[in-house]
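Student: Once you've had a glance at the structure underneath, I'll fire off some questions.
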Amino acid sequence: MELFRPDIYQKSIFTIDYKKLKKSGIKCLLFDLDNTLSAMSISLPDAKTKSLIASLTDLGFRVIIVSNSSKKRIEPFKDHLNVDAAARSFKPLKNKYLKIQKIYNLKDTEIAAIGDQLITDIYGANRMGFTSILVNPISNYEFFISKFSQFFERKVYKKLNKMGLLTKGKYYD
Ligand SMILES: [Mg+2]
């Protein structure tokens with residue numbers, strides 16, 4: 001179960017202490033797209049997200065969108081945020097993460113992955129040895145992900161909650 005527990009839990013991408021991450025040696029931020037950077041029904045990043053990503057690049061982070069969605073879905077975000085992106089990543093599988101590490105020459109300890117789902121984003125990051133950061137989903141999933149994923153996500157969350165490892169709304173970093 002420890003592999004499903006985020007290292008950091010924050011309300012949204014806007015409440016993360018990026019300077020602290022920088023100080024702890026993080027060089028690269030992997031952002032999930034759907035419900036982390038943007039609501040699933042929205043096809044372009046908003047101004048607030050744009051300015052956040054620009055400020056992170058200014059701070060010296062390499063920012064990469066790592067999503068399980070299609071290239072078509074990701075492309076407008078990649079272009080408007082001016083960052084690199086990986087589509088169809090099949091998180092939590094390791095392949096895409098390993099590819100990114102190889103391309104950008106990054107150690108496990110230099111990467112933080114930010115996402116809204118325990119079974120893809122957090123489990124995926126933890127098994128790689130990255131710093132894992134959970135944020136609340138921007139909108140709910142009802143119509144977008146399978147009943148199976150919803151069921152499994154809820155189950156993992158419930159178990160972590162029971163073990164005292166994660167409580168909704170009790171943020172930490
Ligand atoms: Mg997501």
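Student: State the number of residues belonging to the range 28-61 that are outside any strand (DSSP E or B), crowded, with 17+ Cβ neighbours inside 10 Å and of a type outside the set (A, V, I, L, M). Step through it out loud before you land on a result.
Tutor: Let us first name the residues in the range 28-61 that are outside any strand (DSSP E or B), namely 32-33, 35-37, 39-61.
If we keep only those that are crowded, with 17+ Cβ neighbours inside 10 Å too, we end up with 32-33, 35-37, 40, 45, 49, 52-53, 56, 61.
Keeping just the survivors that are of a type outside the set (A, V, I, L, M) gives 32, 35-36, 45, 49, 61.
The qualifying residues number 6.
Student: To continue, here is another question. Starting from the range 26-37, keep only residues that are over 13 Å from Asn136 (Cα atoms), then list their pairs with residues that are within 7 Å of the ligand (Cβ to nearest atom) whose Cβ atoms are within a distance under 8 Å, requiring at least 6 positions of separation or different chains.
Tutor: Sorted first by the residue in the range 26-37, then by its partner, the pairs are Phe31/Gly115.
Student: A further question follows. Since Ser89 meets every condition but one in (1) within 15 Å of the ligand (Cβ to nearest atom); (2) within 29 Å of Lys168 (Cα to Cα); (3) surrounded by fewer than 14 Cβ atoms within 10 Å (Cβ to Cβ); (4) not β-branched (Val, Ile, Thr), which condition does it not meet?
Tutor: Single failed check for Ser89: (3).
Student: Here is a follow-up. Taking Thr109 and the conditions (1) assigned to a strand (DSSP E or B); (2) away from the ligand (no atom under 16 Å from the Cβ), which numbered condition does it fall short on, given that it satisfies the others?
Tutor: (1)
Student: Another question about this same structure. Can you tell me how many residues within the range 51-86 are in contact with a Lys or Arg (Cβ under 8 Å, 6 or more places away or on another chain), within 15 Å of the ligand (Cβ to nearest atom) and not small (Gly, Ala, Ser)?
Tutor: Residues flagged as in contact with a Lys or Arg (Cβ under 8 Å, 6 or more places away or on another chain), within 15 Å of the ligand (Cβ to nearest atom) and not small (Gly, Ala, Ser) within the range 51-86 amount to 3.
Student: So, one more: For Pro137, only one of the following conditions fails: (1) part of a loop (DSSP other than H, G, I, E, B); (2) touching a residue at least 40 places away in the same chain (Cβ under 8 Å); (3) more than 16 Å from Phe31 (Cα to Cα). What is its number?
Tutor: That leaves (3) as the condition not met.
Computed from the coordinates by the stated procedures, all read-outs in this text should not be read as laboratory data. The structure presented is a predicted model; accordingly, all values stated were derived computationally and were not measured. Cβ: placed from backbone, ideal geometry, glycine included. Neighbour counts: every protein chain shown.
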